[in-house]
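Q: My questions all concern the structure below.
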Amino acid sequence: MKGLRHSRSSSSLPLASSWIHLRSLLIVASATVPDRGSLRSPWSRRKRKHALSHRRWHMLFSSEGKFHDGGIKFIEKVRSGLMGLSAVYERLASLSLDCYDLNSSHTERNVTRVQIRKKYETLRRKCHQLLSHCHKGNRLDTINEVSNSASSCFDEHCEFHDSQDDPSATRNIAEGNLYNFKVDQSVHNGSDLFSLCNLEEIEDEAEIVQFDNYPWGTESSTSDEDEDETESLLGSSISEMFVQHDPKLTRIPSFRGDFTQYNRTSEDFATWQRIIRLDAIRANSDWVVYSLNLTSVTKEKALQSAASVGLKSYEHLDPCMIYHAARMVAVLEAYAVYDPEIGYCQGMSDLLSPILTIMDEDHEAFWCFVGFMRKARHNFRLDEVGIQKQLSTISKIIKCKDLHLYKHLEKLQAQDCFFAYRMVLVLFRRELTFEQTMSLWEVMWADQTAIRSGIRKSARGRIKLRAPPTDDLLLYTVAACVLQRRKLIVERYNSMDEILRECNNMAGTLDVWRLLDDAHDLVTSLHQKI
Amino acid sequence: MAHRVDHEYDYLFKIVLIGDSGVGKSNILSRFTRNEFSLDSKSTIGVEFATKTLQIEAKTVKAQIWDTAGQERYRAITSAYYRGAVGALLVYDITKKQTFDNVQRWLRELRDHADSNIVIMMAGNKSDLTHLRAVSENDGQEFAEKEGLSFLETSALESHNVEKAFQTVLTEIYHIINKKALAAQEAARNSGPPGQGTTIHVVDSSDAGSSKSSCCSS
């Protein structure tokens, strides 16, 4: 309990100052954001007028740090897009609220905060082991070895197998046959189970995981003094994180059936490590302005963090971006260990990057990301069931709304809406600016949270939202985006390729508020049919 | 929109850009089509494409180049785009041996999903990074000869051989098509009904979307 006391006693002073710092930073940032007044969406005006103030934000909570009303008011605010630029600070909350019970108190969140930090550190230790394992033997020769290690870290004993003496495996890889990793996994008894229970683990985490975000005023820094306490709270073995808790098999009906397909992948942990590093150094540098601490990163600190995760080829980057890249590697690797069914898929870095930008602590960002991925992970599944389902929903929305457009798409054999693949997969990250991305994501988050916590449409809201909350707001938004271009598509595009190109070139041309307006109209008129 | 469908070309050739993640496919494409290069270009999600029109032996050829995601995970989606491709640029990174070792797998992918007559150029990219070289030009050349591929080392950064690589592929395709057309004319003259050799699928978007889920197990 020493750790808990420690974290509670040193409460909000540093945060108060960082709050002010962030506010001033955002005022600077806001000057560079295009004036939304020139855009027609009524939302933009409403948003500015009624944005949630810092004072109002605090008024939502009781002295124990609980939402007075279970979070209803807050979620309504977010759903109607009223967070506004000035409320980025609270955005930390909206993202992180995904990770714990809306009804939790300050103290309850403190307890779990310690737990999840410890859990994250355990995952990171595992990554370090895997990395040093990989470096020991140099590149190709050890991929198989690392693969075995990667799979073994989910087996009960959590010990590394040493397969260095297995030349056949190495040869397989050199010849391009990397299938042995998954085959190895199936040798581990119940490897498909580990994925299932791991999914379950994620679901569990979503319910129990809670951590403090700044608005509640606890310190966010980590302390070594906590170590012993948390160790005993958690147990020392990573395997505990993957204990099976009565898996809800129905949640992923196709997974078992598709195990052969799962097997066919050649990806292993070493591959993920490699690609994660590739993508980490390709993050958006124009986001630095939104980050609280990136601008102040010294070269020394950046190099240190890069070395700690084995990052290379970053010579062309500024210290702040090297630091950001190193954090990306740390969190994405931990996620690959945490959720090996998904591991790492390109595009996931797009989802993490904004979260990391606004969160200073890696472990907080990690659990935010886990909460975020709970829905998004299905898009990255190997069997593509998740993404196909989403694209077909978009297709259905378009069909219901605009049969003429749908028929045109059919004629071009584009009715499967594959052209929207990227928008769905990375949630408009490639099309929108940082600020717009956060706005869209938090409205989406609020819809999903409203459903999860049983909050229905309320007439008390300042803006009476006609649309009920939906889990599929993203898909309605994509459909809205396509429908906004219906004239162009119907009159001028004669092939799927042209639509795909249009979709791939949308960056910088979208008005997120108008999109959300249109999406909500679609939800209102179609949600019962879809 | 600027991208009005035009018919100011004699041929439209579909080319696919394939190879491991991070070898520089997107930069090769942007260098070729827009003369741009970016050190922090994002990973390609799914597929993207760009076009460029150029002259080949007095004919106007429009190259439609499909840039694909390199990660294994996207293979099922990207391989759907091999259909209708008459050329492929198979890229590896000369500083990463593994990307060269994987060329064999990419060839298998092409054999499984693309037209058997597809013209393939292997490109060892990042040739400017001589101090980090892990694959010798000789090894690349030998491999290409063994597999019957064209080969060039390229540098998207220095704009070295990028144009030449595409030009080579497109010229070769043009020659094959010309030959086929001649043979078809010949056949038509001899036997009456049009020969099958005249059907050249250069753009086949109809296949692209519908067969994404096809399994690519080998």
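The values are calculated or read from the model by the stated rules, or taken from the named source; none is laboratory data. Computed from a prediction, not measured in an experiment: that's the story for all the values here. Note: ideal-geometry Cβ built from the backbone for every residue, glycine included; neighbour counts use all protein chains shown.
Q: May I ask you to list the residues in the stretch B:63-77 that are hydroxyl-bearing (Ser, Thr, Tyr) and within 11 Å of chain A (Cβ to nearest Cβ)? I'd like the intermediate steps shown before the answer.
A: Step one: of the stretch B:63-77, the residues hydroxyl-bearing (Ser, Thr, Tyr) are B:68, B:74.
Residue satisfying the conditions is B:Tyr74 alone.
Residues are listed down the side, and each one gets a yes or a no for (1) within 20 Å of B:Glu163 (Cβ to Cβ); (2) modelled with pLDDT under 95; (3) touching a Phe, Trp or Tyr at 6+ places or on another chain (Cβ under 7 Å):
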site	(1), (2), (3)
B:Lys42	no, yes, no
B:Gln64	yes, no, yes
B:Leu90	yes, no, yes
B:Ile120	yes, no, no
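Q: May I pose another question? Report, by residue number, each residue of the stretch B:23-62 that is closer than 22 Å to B:Tyr11 by Cα and within 14 Å of another protein chain (Cβ to nearest Cβ).
A: B:Leu29, B:Ser30, B:Thr33, B:Arg34, B:Glu48, B:Phe49, B:Ala50, B:Thr51, B:Lys52, B:Lys62
Q: Failed condition for B:Asn35, given (1) touching a helix residue (DSSP H, G or I) at 6+ places or on another chain (Cβ under 9 Å); (2) on the phi > 0 side of the Ramachandran plot; (3) not acidic (Asp, Glu), with all others met?
A: In the conditions (1) touching a helix residue (DSSP H, G or I) at 6+ places or on another chain (Cβ under 9 Å); (2) on the phi > 0 side of the Ramachandran plot; (3) not acidic (Asp, Glu), B:Asn35 misses (1) alone.
Q: Moving on to the next point. I need the full set of residues from the stretch A:427-437 which are under 15 Å from A:Leu516 (Cα atoms) and either facing chain B (nearest Cβ under 9 Å) or of a type in the set (Phe, Trp, Tyr) (or both), in order please.
A: Listed by number, the list holds a single entry, A:Phe428.
Q: Can you find a residue in the stretch A:269-285 that is closer than 30 Å to B:Thr99 by Cβ, aromatic (Phe, Trp, Tyr) and at pLDDT 85 or above? Reasoning before the result, please.
A: First, pick out the residues of the stretch A:269-285 that are closer than 30 Å to B:Thr99 by Cβ: A:269-285.
Cutting the leftovers down to aromatic (Phe, Trp, Tyr) gives us A:269, A:272.
Next, only the ones that are at pLDDT 85 or above stay: A:269, A:272.
Yes - at least one qualifying residue is present in the stretch A:269-285.
Q: If you don't mind, there's one more thing I want to ask. Applying the selection to the stretch A:266-281, what residues are within 8 Å of another protein chain (Cβ to nearest Cβ) and buried (at least 23 other Cβ atoms within 10 Å of the Cβ)?
A: Passing the criteria: A:Thr271, A:Ile275, A:Asp279, A:Ile281.
Q: Look at the stretch A:490-530 and say how many of its residues are over 29 Å from B:Tyr81 (Cβ atoms), in a loop (DSSP other than H, G, I, E, B) and modelled with pLDDT of 90 or more.
A: The total comes to 1.
Q: So which residues in the stretch A:98-142 are of a type in the set (A, V, I, L, M) and at pLDDT 70 or above, if there are any at all?
A: A:Leu102, A:Val111, A:Val114, A:Ile116, A:Leu123, A:Leu130, A:Leu131
Q: Would you confirm whether or not the stretch A:320-343 contains a residue that is surrounded by fewer than 19 Cβ atoms within 10 Å (Cβ to Cβ), in contact with a Lys or Arg (Cβ under 9 Å, 6 or more places away or on another chain) and within 13 Å of another protein chain (Cβ to nearest Cβ)? It would help to see each step written out before you state the result.
A: Quick first cut of the stretch A:320-343, residues surrounded by fewer than 19 Cβ atoms within 10 Å (Cβ to Cβ) only: A:341.
Filter once more, so that each one left must be in contact with a Lys or Arg (Cβ under 9 Å, 6 or more places away or on another chain): A:341.
If we keep only those that are within 13 Å of another protein chain (Cβ to nearest Cβ) as well, we get A:341.
Scanning the stretch A:320-343, I find at least one residue that is surrounded by fewer than 19 Cβ atoms within 10 Å (Cβ to Cβ), in contact with a Lys or Arg (Cβ under 9 Å, 6 or more places away or on another chain) and within 13 Å of another protein chain (Cβ to nearest Cβ), so the answer is yes.
Q: Could I ask something else about it? Any idea which residue in the stretch A:387-426 is nearest to A:Ile342 (Cα to Cα), counting only those that are β-branched (Val, Ile, Thr), within 11 Å of chain B (Cβ to nearest Cβ) and in a helix (DSSP H, G or I)? Step through it out loud before you land on a result.
A: Restricting attention to the stretch A:387-426, the residues satisfying the condition of being β-branched (Val, Ile, Thr) are A:387, A:393-394, A:397-398, A:424, A:426.
Remaining after also requiring within 11 Å of chain B (Cβ to nearest Cβ): A:387, A:424, A:426.
Right, trim to in a helix (DSSP H, G or I) and you get A:387, A:424.
On the way: A:Ile387: 13, A:Val424: 17 Å.
Selected residue: A:Ile387.
Q: Any residue in the stretch A:297-304 that is more than 12 Å from chain B (Cβ to nearest Cβ) and acidic (Asp, Glu)? Give the steps one after another, and end with the answer.
A: Initially, the stretch A:297-304 is screened for residues more than 12 Å from chain B (Cβ to nearest Cβ), giving A:297-304.
Keeping just the survivors that are acidic (Asp, Glu) gives A:300.
Yes: the stretch A:297-304 contains one or more residues that are more than 12 Å from chain B (Cβ to nearest Cβ) and acidic (Asp, Glu).
Q: Inspect all residues belonging to the stretch A:369-392 and state whether any of them is touching a Lys or Arg at 6+ places or on another chain (Cβ under 7 Å) and under 19 Å from A:Ala479 (Cβ atoms).
A: No, the stretch A:369-392 contains no residue that is touching a Lys or Arg at 6+ places or on another chain (Cβ under 7 Å) and under 19 Å from A:Ala479 (Cβ atoms).
Q: Here's a follow-up. For residues that are surrounded by fewer than 19 Cβ atoms within 10 Å (Cβ to Cβ) and under 26 Å from the mean Cα position of the chain (by Cα), scanning just the stretch A:467-500, find the one that is nearest to the other protein chains (Cβ to nearest Cβ).
A: The selected residue is A:Asp471.
Q: Filter the stretch B:88-116 down to the residues that are at the interface with chain A (Cβ under 9 Å from one of its Cβ atoms), over 19 Å from B:Ser127 (Cβ atoms) and of a type in the set (Lys, Arg) and list them by number.
A: Passing the criteria: B:Arg105, B:Arg108.
Q: Of the conditions (1) part of a loop (DSSP other than H, G, I, E, B); (2) within 12 Å of chain A (Cβ to nearest Cβ); (3) over 15 Å from A:Cys345 (Cβ atoms); (4) in contact (Cβ under 8 Å) with a residue 40 or more places away in the chain, B:Ala85 fails just one. Which one is it?
A: Tallying (1) part of a loop (DSSP other than H, G, I, E, B); (2) within 12 Å of chain A (Cβ to nearest Cβ); (3) over 15 Å from A:Cys345 (Cβ atoms); (4) in contact (Cβ under 8 Å) with a residue 40 or more places away in the chain, B:Ala85 fails exactly one: (2).
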